[in-house]
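Below: one structure, written as structure tokens.
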Amino acid sequence: MLQNFKTHIDNNLTFLKGSKLIVAISGGIDSVVLAHLCKSCNFNFALVHCNFNLRGEESDADEEFVLDLAEQLDVEVFVQNFDTQAYANDYKRSIQMAARELRYNWFEELAHNLKFDYILTAHHADDNLETFLINFTRGTGLNGLTGIPILNGNIVRPMLPFSSEEIENYTQENTIEWREDSSNSSRKYLRNKLRHEVVPILKDINPQLLESFQHTLNHLNDTADIVAESVDNIAQKAIVSLDEDDVFFKVSEFKNLKNPKAYLFELLNEFGFTEWNDVVNLLDAQSGKQVFSSTHRLVKHRDYLILSEFNHSNHSEEDIIIEQNHKSVETSIGTLVFKIVQKISENDPNTIYVDKDKLVFPLKLRLWRDGDFFCPFGMKGKKKISKYLKDEKLSLVEKERTWVLASNNEIIWVIGKRADERFRVEENTKRILKINLEKRK
């Protein structure tokens, strides 16, 4: 196996030879073999071990084993203890998901702070098959069936071509010791159930299962490349606006397709949507209709679908109080700057000029509310802000993000859109206050 591993590195992962590496190690057979292989290849690496404190003395024994192994291999070792159960409770995660998040967050932090180039994990061919089966049984798209990537950002899986049988044989041939995790035998986890009950049957049916599976993955990845190219072409036509808050998709580009549902799935599945018929129905829905995932929403607005992150607390943002001596105020929409000037100069939507003596401090910056009205600058009479926003043809998302600046409950400015006539600068104005919104970049 060592020679095959070196050949694999030479052919596919030569960049590892001159890099500073982290090797994630649990103490189990796979990660221990990876550590030994890295040592035999003279890689520059350190071991990193997570003690999740889930198995009492067994977890502590794993930690001790890793410390001894680091000494044996003469490499640096980093150990981190986690209260995994508390994290899972606080963030409503399964134990497995909590452990995964804690592990990779710490690895990334360590790599960043200590200038490690890559993080190596010991995933192998059997892990790849199990992941495929997990995704298959839960339901997935094409991307969920293309296997674990050998390189994903700074995470590298150099043992992916090797089977668990090859790894076990290597430990026997080289008298390598490792720790057996008792939880690996538990059938309560889907992966273990597949590993112990399903995969052996599949291997019995086809002794060359892993080889056949790899051929299948190669074909699926080739198909995925074709699909990705087609989806990218549609995305370039359909996406008409893209910023840090929203993505605007042109509805007509999807309605011209024979299978719009397939393209919508490929473009939007990473945002957590599951009700794909509802998503497709938005193409013909009236403005204002929306579909939600746990993190995002898709809103129909005239000829567009608007994708945005769904903030459950959007309507409960706190009001911001602005005192008379404030020169600037940081807000979620940018910096509001106040300055006394001699004359009106700039004329843009993010700047207004008001008669300061007409203001009653403190001012209040807040999201607009039902029932709000103002006197639009340059017009006579009052107008409900809800009607004004509708007349401006703003989308539901844009309406929800509209803020107002108020003085004694009277609207001074619909931020970035229209000032109020009641606070305008006149011939007898003594102090002109310039109010400018410097938007976030």
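The values are calculated or read from the model by the stated rules, or taken from the named source; none is laboratory data. Just so we're clear, the structure is a prediction, and the values are computed from it rather than from any experiment. A quick note on method: Cβ atoms are made from the backbone with ideal geometry, for glycine too, and the neighbour counts reach across all protein chains shown.
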>> Can you tell me which residue is farthest from E400 (Cα to Cα) among those in the stretch 342-371 that are surrounded by 11 or more Cβ atoms within 10 Å (Cβ to Cβ) and polar (S, T, N, Q)?
In response: T351
>> With touching a residue at least 40 places away in the same chain (Cβ under 8 Å) and either of a type in the set (D, E) or assigned to a helix (DSSP H, G or I) (or both) as the only criterion, which of A46, A122, A98, A61 stands out?
In response: A61
> Which ranges mark the helices (runs of 4 or more DSSP H) fully within the stretch 164-229 that have 2 or more residues being touching a residue at least 12 places away in the same chain (Cβ under 8 Å), out of contact with any Ser or Thr (no Cβ under 8 Å at 6 or more places or on another chain) and under 18 Å from G27 (Cα atoms)?
Replying inline: 164-173
> From the list S31, S26, which one is in a loop (DSSP other than H, G, I, E, B), touching a residue at least 40 places away in the same chain (Cβ under 8 Å) and under 19 Å from T171 (Cα atoms)?
Replying inline: S26
>> When the residues of the stretch 416-441 are narrowed to those that are assigned to a loop (DSSP other than H, G, I, E, B), of a type outside the set (A, V, I, L, M, F, W, C) and in contact (Cβ under 8 Å) with a residue 40 or more places away in the chain, which ends up nearest to I333 (Cα to Cα)?
In response: R440
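Return yes when I25 is of a type in the set (A, V, I, L, M), buried (at least 17 other Cβ atoms within 10 Å of the Cβ) and under 27 Å from the mean Cα position of the chain (by Cα) and no when it is not.
Yes.
For the structure I just gave you, tell me whether G371 is part of a loop (DSSP other than H, G, I, E, B), more than 35 Å from the chain's Cα centre (by Cα) and within 30 Å of K289 (Cβ to Cβ). Reasoning before the result, please.
Values: part of a loop (DSSP other than H, G, I, E, B): yes; more than 35 Å from the chain's Cα centre (by Cα): yes; within 30 Å of K289 (Cβ to Cβ): yes.
Taking the combined requirement at face value, the residue satisfies it.
Got a number for residues in the stretch 260-307 being outside any helix (DSSP H, G or I), surrounded by 14 or more Cβ atoms within 10 Å (Cβ to Cβ) and either in contact (Cβ under 8 Å) with a residue 40 or more places away in the chain or not small (G, A, S) (or both)? Walk me through how you get there before you give the answer.
Kept after step one, since they are outside any helix (DSSP H, G or I), are these residues of the stretch 260-307: 272-275, 285-307.
In the following step, the residues that additionally are surrounded by 14 or more Cβ atoms within 10 Å (Cβ to Cβ) were identified as 273, 285, 289-293, 296-301, 304-307.
After this cut, where a residue has to be either in contact (Cβ under 8 Å) with a residue 40 or more places away in the chain or not small (G, A, S) (or both) as well, the list is 273, 289-292, 296-301, 304-307.
The number of residues fulfilling the criteria is 15.
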> Looking at (1) farther than 29 Å from D127 by Cα; (2) among the small types (G, A, S); (3) touching a Leu at 6+ places or on another chain (Cβ under 7 Å), which is the one condition that is false for A224?
Replying inline: (1)
> When only residues in the stretch 395-414 that are out of contact with any helix residue (DSSP H, G or I) (no Cβ under 9 Å at 6 or more places or on another chain) and not in a helix (DSSP H, G or I) count, which is modelled with the lowest pLDDT?
Replying inline: S395
